[in-house]
Amino acid sequence: MTEDYRIHLDPLFETLEVMDLRRVAGGADHPWFNQTLIQVGDVLVRLGAFQPGEFHWHRHDEEDEFFLLLEGALRIELEDREPVELEPLQAFSVPAGLQHRPVATAPSTVLMIEKAGVLPTGDR
């Protein structure tokens, strides 16, 4: 499944480093690009640079997932619930175990926060 996405699991930065998010997003080399920026305690901070399109339906059995849309337009489709439409500087958290699918409806830059060890492509 990772061939459909470009997911970099190793943190790009360490503490006490300035993180240039424009440079990271500008270096996206795939329509669905995800770069782990840093690990803070037991949490990973990731940056996604997405072209219009959809991720697959998935869930994280034990981890919540947080999305903060920095720019663009993002819809988060949820199993048995109405989808959530995010505008820039809006955030949404998906609870553990809930099937969901992010859909970029415009070129988008997204900050995601997840527990370390999570599989970005989901447990199922």
Item to complete: Could you check residue 114 against (1) crowded, with 18+ Cβ neighbours inside 10 Å; (2) at pLDDT 95 or above; (3) within 19 Å of residue 21 (Cβ to Cβ) and say which number it fails?
Response: (2)
Worksheet, complete the sentence: Considering residues that are closer than 18 Å to residue 61 by Cα and buried (at least 17 other Cβ atoms within 10 Å of the Cβ), the number found within region 84-97 is 2
Worksheet item: Does residue 38 meet the test of being at pLDDT 95 or above, farther than 16 Å from residue 104 by Cβ and either assigned to a strand (DSSP E or B) or out of contact with any Cys (no Cβ under 8 Å at 6 or more places or on another chain) (or both)?
Response: yes
Practice prompt. Collect the residues in region 17-58 that are surrounded by 13 or more Cβ atoms within 10 Å (Cβ to Cβ) and of a type in the set (Lys, Arg), keeping them in residue-number order.
Written response: 46
Discussion item. Test of understanding: among 62, 85, which residue is at negative phi, of a type outside the set (A, V, I, L, M, F, W, C) and in a strand (DSSP E or B)?
Written reply: 85
Worksheet item: Looking at region 1-21, which of its residues are modelled with pLDDT of 95 or more and not in a loop (DSSP other than H, G, I, E, B)?
Response: 21
Item to complete: Consider residue 67 carefully, then state whether it is among the hydrophobic types (A, V, I, L, M, F, W, C), surrounded by 13 or more Cβ atoms within 10 Å (Cβ to Cβ), more than 20 Å from residue 22 (Cβ to Cβ) and modelled with pLDDT of 95 or more.
Response: no
Worksheet item: Between a first residue in region 79-90 that is more than 15 Å from residue 106 (Cα to Cα) and a second residue that is surrounded by fewer than 11 Cβ atoms within 10 Å (Cβ to Cβ) and modelled with pLDDT of 95 or more, which pairs have beta carbons less than 9 Å apart while being 6 or more apart in sequence or on different chains?
Response: none
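The values are calculated or read from the model by the stated rules, or taken from the named source; none is laboratory data. This is a predicted model, so every value here is computed, not measured. Note that each Cβ is placed from the backbone with ideal geometry, even for glycine, and that neighbours are counted across all protein chains shown.
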